[in-house]
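Working notes for the structure below.
The values are calculated or read from the model by the stated rules, or taken from the named source; none is laboratory data. Predicted model only: the values in this text are computed from it and were never measured. Note that we place each Cβ from the backbone using ideal geometry, even for glycine, and neighbour counts take in every protein chain shown. Quick note on the areas: whole protein, heavy atoms, side chains included, nothing else; ligands and nucleic acids left out. Shrake-Rupley method; radii C 1.70, N 1.55, O 1.52, S 1.80 Å.
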Amino acid sequence: MTASHGFLADVTNMFNDAAKIMSLEEGLAEKISVCNTTLTTRFGVRLRGKMHTFEGWRSVHSNHPSPAKGGIRYAPYANLEEVEALAALMSYKCALMDLPFGGSKGALKIDPSEWAPHELERITRRFARELARHDFLSPSQNVPAPDVGTNEKTMIWIADEYRQMKSSDINANACVTGKPIAMGGIEGRIEATGRGVQYAIQVFFQTPEDIAKTGLPDRLEGRTVVIQGLGNVGYHAAKFLSEEDGCKIIAVVERDGSVRNPDGIDIEALHAHMVETGGVSGFAGGEYDSGSALSDACDILIPAALESAIHDGNAHEIKAKMIVEAANGPITYAANTLLRERGVVIVPDLYANAGGVTVSYFEWVKNLTHIPFGLMERRRDEQGNRMLARQIESMTGHQFPEGAETFLDGAREIDLVRSGLDDKMRSAYGEMSRLWNSSDDIPDLRTAAYIIAVRRLADIYKALGIGG
Ligand code: NAD
């Protein structure tokens, strides 16, 4: 497939690099790479005394397996091409993570900050109706989640609207993920993408042959990190890496400029400042300037804002040894080539930010089974653990020290979610790393990730009798 430039073309080019190495039959490569269907909808909502027309999209890149899964973005710059690129990434991400979902993405061309919550609710409910009417919203066909500009509240409005339309569908709540716990959500979903970024970096630093390619010391503790975007994903990734892994977040880049602190920024304090003021300017815990710290010297750069942040115009300035793509598509195809030639190791988006969709999968399963994770076995496990502890104490004549109770506890939902996420992140990384290290034809982790994903999709298409 040919591609010019732009986000969609970048994703297609990355796909093509993998397809070439796999010698994928051409017709099949094209079938996998194109978006199956894209809905464009324009609908009116009467607000502030007049009719406003809104434009939105929902694209299904693949619906094998079903349902198709992917976030909904509210942004004034949203457009069809971006939605199709993000939908394609979702297909590859779900295939790489071995989740039973096709890929989808949606967007509404709107600046959410310009509308009051009750107005956003009406707009969202109307959008949800349009999506459901065209079979782009349903627990079995298409399941959205939050993305840039949307959140738990947006998801409740969508789920509630869908429930009203399909009141006899007992699984209606599973039509979206990322809901609040009280409304059928799952513990750990809000933090999931940032948590997944943390797990991705942890497993990278447990893989000596891959660390060696960066020239970094083999310990995560003490690594310096620059983060672009302290939103949902960036905030959680920065928080966990600094509080739990001993990383130093030496700079945060936001819309209004950058904050630097060589001793490490207090992420909770900066986040509180951003919630209060809307930006990083004026933060007392670091040096502020209106420029970008993206090219500051650091060990790990984490772009967690938007696509194409690193492009052929600024890639040569990047000094990080390793880039972890927490955002979708933050490095253009051209910049990816330049950085690879300079030996910068990139942990690709379809893996690095897959924590969100992985925990969404757990939420969807929870909604379909109508039972919280751990409910049936938690107390039983605790009894077993206590019995074992008593036996060990009586056999050894020693007592477990005070504070050992946590090991006796049965797993709560949050423990199971984190365990499942950690397992998925570890196994996907292991596959990518082994493939990357197995052949000189595979130049980077991104190509390895695409090959694994495309192979899984090709197998599905072949089993269905499409191609091959
Ligand atoms: P968000 O809106 O919560 O956060 C984005 C942050 O980036 C905001 O703080 C914003 O101010 C900042 N930002 C925007 N433009 C910027 C710029 N030019 N320079 C610096 N900072 C800028 O969004 P999010 O949910 O954290 O998503 C961020 C990225 O992660 C997106 O690419 C999204 O598609 C991807 N992603 C999100 C999830 C999820 O679960 N939320 C899952 C997978 C991938």
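Listed by position, the strands (runs of 3 or more DSSP E) inside segment 22-113 whose residues that are of a type outside the set (Asp, Glu) and surrounded by 24 or more Cβ atoms within 10 Å (Cβ to Cβ) number at least 1 are 50-62, 68-75, 102-109.
Is it the case, given these coordinates, that ALA128 is under 14 Å from the mean Cα position of the chain (by Cα), open to solvent by less than 10 Å² (accessible area, probe 1.4 Å), modelled with pLDDT of 95 or more and among the hydrophobic types (A, V, I, L, M, F, W, C)?
Values: under 14 Å from the mean Cα position of the chain (by Cα): no; open to solvent by less than 10 Å² (accessible area, probe 1.4 Å): yes; modelled with pLDDT of 95 or more: yes; among the hydrophobic types (A, V, I, L, M, F, W, C): yes.
In short, no.
Being within 13 Å of the ligand (Cβ to nearest atom), within 22 Å of the chain's Cα centre (by Cα) and either within 23 Å of GLY222 (Cα to Cα) or of a type in the set (Val, Ile, Thr) (or both) narrows it down to one residue among ILE302, ILE323; which is it? Step by step, each of ILE302, ILE323 is checked, and only ILE302 is within 13 Å of the ligand (Cβ to nearest atom), within 22 Å of the chain's Cα centre (by Cα) and either within 23 Å of GLY222 (Cα to Cα) or of a type in the set (Val, Ile, Thr) (or both). On inspection, ALA95 qualifies as over 20 Å from ALA174 (Cβ atoms) and at pLDDT 95 or above. In the set (1) more than 15 Å from the ligand (Cβ to nearest atom); (2) in a loop (DSSP other than H, G, I, E, B); (3) surrounded by fewer than 16 Cβ atoms within 10 Å (Cβ to Cβ), HIS316 fails one condition alone, (2). The sole residue among PRO117, PRO100, PRO139 that is more than 16 Å from the ligand (Cβ to nearest atom), closer than 14 Å to TRP157 by Cβ and at pLDDT 95 or above is PRO117. Does ARG386 count as modelled with pLDDT under 95, part of a helix (DSSP H, G or I), surrounded by fewer than 21 Cβ atoms within 10 Å (Cβ to Cβ) and among the basic types (Lys, Arg)? Yes.
The residues in segment 192-202 that are open to solvent by 10 Å² or more (accessible area, probe 1.4 Å) and either within 17 Å of LYS321 (Cα to Cα) or without any contact (Cβ under 8 Å) to a residue 24 or more places away in the chain (or both) can be counted, and the count is 1. Does segment 154-184 hold any residues that are of a type in the set (S, T, N, Q) and open to solvent by 10 Å² or more (accessible area, probe 1.4 Å), and which are they? Selection gives GLN164, SER167, SER168, ASN171, ASN173.
State whether the residues of segment 364-372 include one that is in contact (Cβ under 8 Å) with a residue 40 or more places away in the chain, touching a Lys or Arg at 6+ places or on another chain (Cβ under 9 Å) and in a loop (DSSP other than H, G, I, E, B). There is at least one residue in segment 364-372 that is in contact (Cβ under 8 Å) with a residue 40 or more places away in the chain, touching a Lys or Arg at 6+ places or on another chain (Cβ under 9 Å) and in a loop (DSSP other than H, G, I, E, B).
The helices (runs of 4 or more DSSP H) found wholly in segment 185-272 and carrying at least 3 residues that are within 9 Å of the ligand (Cβ to nearest atom) and under 30 Å from ALA174 (Cα atoms) occupy 192-204, 232-244.
In this structure, does ILE392 turn out to be open to solvent by 30 Å² or more (accessible area, probe 1.4 Å) and β-branched (Val, Ile, Thr)?
yes
Scanning segment 249-270 for residues that are within 25 Å of the chain's Cα centre (by Cα), within 18 Å of PRO303 (Cβ to Cβ) and not hydrophobic (A, V, I, L, M, F, W, C), we see that the one that is surrounded by the most Cβ atoms within 10 Å (Cβ to Cβ) is GLU254. Residues in segment 345-370 that are within 15 Å of THR447 (Cβ to Cβ) and over 14 Å from the mean Cα position of the chain (by Cα): 2 in all. If you go through segment 224-237 and keep only what is buried (at least 22 other Cβ atoms within 10 Å of the Cβ) and over 19 Å from PRO146 (Cβ atoms), you end up with VAL225, VAL226, ILE227, GLN228.
What number of residues within segment 299-313 satisfy the criterion of being under 18 Å from VAL252 (Cβ atoms) and open to solvent by 10 Å² or more (accessible area, probe 1.4 Å)?
5
In this structure, does GLY329 turn out to be near the ligand (Cβ under 10 Å from one of its atoms) and more than 29 Å from ASP423 (Cβ to Cβ)? In short, no. Please work out if VAL357 is open to solvent by 10 Å² or more (accessible area, probe 1.4 Å), assigned to a helix (DSSP H, G or I), within 10 Å of the ligand (Cβ to nearest atom) and over 22 Å from ASP256 (Cα atoms). Yes: the conditions hold for VAL357.
Take the residues in segment 142-153 that are under 17 Å from SER113 (Cβ atoms) and crowded, with 20+ Cβ neighbours inside 10 Å; name whichever of them is farthest from the ligand (Cβ to nearest atom).
The residue in question is THR150.
Tell me yes or no: at least one residue of segment 427-441 is farther than 21 Å from THR207 by Cβ and either more than 31 Å from the chain's Cα centre (by Cα) or open to solvent by less than 60 Å² (accessible area, probe 1.4 Å) (or both). Checked against the condition, which is being farther than 21 Å from THR207 by Cβ and either more than 31 Å from the chain's Cα centre (by Cα) or open to solvent by less than 60 Å² (accessible area, probe 1.4 Å) (or both), segment 427-441 yields no hits at all.
For segment 398-468, which fully contained helices (runs of 4 or more DSSP H) count at least 1 residues that are touching a residue at least 60 places away in the same chain (Cβ under 8 Å) and basic (Lys, Arg)?
The helices (runs of 4 or more DSSP H) meeting that bar are 413-438, 445-463.
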